[in-house]
Amino acid sequence: MPDIVSPEGARSVEAADSQAKRPRSAVSAGVGIVGLIGLFTYLLAARHAPAIAGWLGIDWGQRGPMNGPNSAIASVLACGVPMVLWSVFIDKVHRNPSTGIDWSLRRPWRETIDISLTKLAGLWATWALIAGFYVTMRYYWEGSYAFSMDLLERVAPWLLLVSIPYMLWLDRRLVEPRDGCYQFGRWLTAPKNRNGGRPVDGRAIAHHFRAWAVKGFFTAFMLSIVPGNFAALVSVSMNEVLANPYMTSLWTINLLYLVDVHIATVGYILTMKPLDSHIRTANPYFMSWIAALVCYPPFILMSGGPLDYQVNGADWGYWLQGHEHLMMLWGAVLVALVAVYAWATMAFGIRFSNLTHRGVLTHGPYRLTRHPAYVSKNLSWWVGSMPFLVTAGGWTEGLRNTLLLAAVSGIYYWRAKTEEKHLLADPAYVAYWNWAQGNALVPRLFAKLSGRDRPLIRLEPDTRVGPVA
């Protein structure tokens, strides 16, 4: 029977944890840095492609910078490959026990072939379900999503082909190869408990579906937004960028969002156990999914939705025009906030994704707050949109926009709390949560202002759910 800890005892444990050394981060800072170097190197090469071609003696013809969608995907590779190399050769993440791989294992093929074939059935059936969802939803075949679908159509045959040797190779080395993918494949191929064998693990199948739902939904979204921002940054004239503080700030902010988008895209693609970047658990709480999905198309409540806080509004450049020094200061604050947001994504390296647990981060901006991306993003919206100022509709419209942006910030607060509810099932995150409460800048500031040692709301994980790694 497990020991029962009193509330006083729990608080004592938390107090001890808060005074302890900062827990080790699952990702090193070097991963994101080399990804940034690779991305910026490619961005410069793409911008100056005609000049580089001339210097190399290549006939470039009338072509300009490499700003097309295929070049944008190449920039994702330029960002991702250095991060993978650093992870393997410097951090040696493939040796981490959390991969579930024992590299000394070399099981005979006859011991794992049935498992691998069952997992392939489960994997391919999962991909078929995702493809069926894409085909059914017209949204995925319009606008920027059309590029995602075209790209996925091109790579799908190669993924099917590569998955066979990958699965056969990996299962010989996994400590426990019978994961959620296997359980789903077994449910498809042998649904009944034959010959007294083990029953199918429904919880593992549910985790498998949740993980692939995250990957399927967000990968298509990320691929759809990569080309647009990349093309703008590659093509824009530097004379236009340096025309005034507003344009300079806007270009810098778009550059920082480029970093965020590229590293996040790499994270959604590289969910692989040999890189220790697999999805350990996908958030099992329905309210977490609602809070996250309403922030993204096609379910988004902002940007034209019912919580659009920019109706009859204008951004900071409109209101501060003619005040160059104030515009420079305002732009610097915005750039700093978005830089923290990009830094928070960069800290994930190859492990970024929403609604998942892929290792606990404690370095970079996560030394300052448990939710640096949400804090900096929401502050940037308040500073950048100035919702209380409107071009039409009077003070009532300004008040309405202010209340709507407050509601948006409330959604992100709820996202943070529901994510903690998921992650607090892991003792490693509990240790980090307690350390941050006593040592990180933002929690300490709020504790001082509120007079409370703990936040007003902390959602505890449901013990009935439990982790499924």
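Among the residues of the range 77-108, write down those that are surrounded by 11 or more Cβ atoms within 10 Å (Cβ to Cβ), of a type in the set (A, V, I, L, M, F, W, C) and in a helix (DSSP H, G or I). Give the derivation first.
The first filter runs over the range 77-108 and keeps only residues surrounded by 11 or more Cβ atoms within 10 Å (Cβ to Cβ), leaving 77-88, 90-91, 93-96, 98-102, 105, 107.
Next, only the ones that are of a type in the set (A, V, I, L, M, F, W, C) stay: 77-79, 81, 83-86, 88, 90, 93, 101, 105.
Selection gives Leu77, Ala78, Cys79, Val81, Met83, Val84, Leu85, Trp86, Val88, Val93.
Give the residue that is farthest from Ser288 (Cα to Cα), with candidates limited to residues of the range 423-464 that are modelled with pLDDT under 95 and hydroxyl-bearing (Ser, Thr, Tyr).
Ser450
Looking at (1) surrounded by 15 or more Cβ atoms within 10 Å (Cβ to Cβ); (2) out of contact with any Leu (no Cβ under 6 Å at 6 or more places or on another chain); (3) within 22 Å of Met287 (Cα to Cα), which one does Val408 not meet, given that it meets all the others?
Among (1) surrounded by 15 or more Cβ atoms within 10 Å (Cβ to Cβ); (2) out of contact with any Leu (no Cβ under 6 Å at 6 or more places or on another chain); (3) within 22 Å of Met287 (Cα to Cα), the lone unmet condition for Val408 is (2).
Tell me which residues, restricted to the range 209-243, are among the basic types (Lys, Arg) and more than 13 Å from the chain's Cα centre (by Cα).
Arg210
From Ser376, Ser380, Ser385, which residue is over 30 Å from Asn96 (Cα atoms) and touching a strand residue (DSSP E or B) at 6+ places or on another chain (Cβ under 7 Å)?
Numbers: Ser376 fails: touching a strand residue (DSSP E or B) at 6+ places or on another chain (Cβ under 7 Å); Ser380 fails: touching a strand residue (DSSP E or B) at 6+ places or on another chain (Cβ under 7 Å).
Answer to the selection: Ser385.
Among the residues of the range 176-189, are any of a type in the set (A, V, I, L, M), outside any loop (DSSP other than H, G, I, E, B) and under 25 Å from the mean Cα position of the chain (by Cα)?
At the first step, the residues of the range 176-189 found to be of a type in the set (A, V, I, L, M) are 188.
Filter again for outside any loop (DSSP other than H, G, I, E, B), leaving 188.
From what is left, the residues that are under 25 Å from the mean Cα position of the chain (by Cα) are none.
For the range 176-189, residues of a type in the set (A, V, I, L, M), outside any loop (DSSP other than H, G, I, E, B) and under 25 Å from the mean Cα position of the chain (by Cα): absent.
Give, as residue ranges, the helices (runs of 4 or more DSSP H) completely inside the range 218-298 that count at least 3 residues that are in contact (Cβ under 8 Å) with a residue 40 or more places away in the chain and over 30 Å from Thr463 (Cβ atoms). If you could, list the steps in order and put the result at the bottom.
Working: elements: 238-241, 245-269, 286-293.
Output list reads 245-269.
Assess whether Val200 counts as being crowded, with 20+ Cβ neighbours inside 10 Å, β-branched (Val, Ile, Thr) and either in contact with a helix residue (DSSP H, G or I) (Cβ under 9 Å, 6 or more places away or on another chain) or not in a helix (DSSP H, G or I) (or both). Can you show your working first?
Values: crowded, with 20+ Cβ neighbours inside 10 Å: no; β-branched (Val, Ile, Thr): yes; either in contact with a helix residue (DSSP H, G or I) (Cβ under 9 Å, 6 or more places away or on another chain) or not in a helix (DSSP H, G or I) (or both): yes.
No; evaluated as a whole, the condition is false for this residue.
Give me the residue from the range 247-287 that is under 15 Å from the mean Cα position of the chain (by Cα) and of a type in the set (Ser, Thr, Tyr) and, out of that set, nearest to Ser75 (Cα to Cα).
Among those that are under 15 Å from the mean Cα position of the chain (by Cα) and of a type in the set (Ser, Thr, Tyr), it is Thr265.
I'm trying to understand the selection: among the residues of the range 413-454, which are surrounded by fewer than 15 Cβ atoms within 10 Å (Cβ to Cβ), in contact (Cβ under 8 Å) with a residue 12 or more places away in the chain, part of a loop (DSSP other than H, G, I, E, B) and not basic (Lys, Arg)?
Scanning the range 413-454 gives a single hit, Asp453.
With the condition kept exactly as written, say whether any residue in the range 104-120 is among the small types (Gly, Ala, Ser), more than 29 Å from Asp260 (Cα to Cα) and in contact (Cβ under 8 Å) with a residue 12 or more places away in the chain.
Initial filter on the range 104-120 (among the small types (Gly, Ala, Ser)): 104, 116.
Adding the requirement that they be more than 29 Å from Asp260 (Cα to Cα) leaves 104, 116.
So of that shortlist, the ones also in contact (Cβ under 8 Å) with a residue 12 or more places away in the chain come out as 116.
The answer is yes, given that some residue of the range 104-120 is among the small types (Gly, Ala, Ser), more than 29 Å from Asp260 (Cα to Cα) and in contact (Cβ under 8 Å) with a residue 12 or more places away in the chain.
Give me a count of the residues in the range 352-397 that are in a loop (DSSP other than H, G, I, E, B), touching a Leu at 6+ places or on another chain (Cβ under 8 Å) and within 24 Å of Asn439 (Cβ to Cβ). Walk me through it before giving the result.
Of the residues in the range 352-397, the ones in a loop (DSSP other than H, G, I, E, B) are 352-355, 358-363, 368-371, 386-389, 391-393.
Keeping just the survivors that are touching a Leu at 6+ places or on another chain (Cβ under 8 Å) gives 360, 368-369, 387-388.
From what is left, the residues that are within 24 Å of Asn439 (Cβ to Cβ) are 360, 368-369.
Looking only at that region, the number is 3.
The values are calculated or read from the model by the stated rules, or taken from the named source; none is laboratory data. Only a predicted model underlies this, so the values are computations on that prediction, with no experimental measurement involved. A quick note on method: Cβ atoms are made from the backbone with ideal geometry, for glycine too, and the neighbour counts reach across all protein chains shown.
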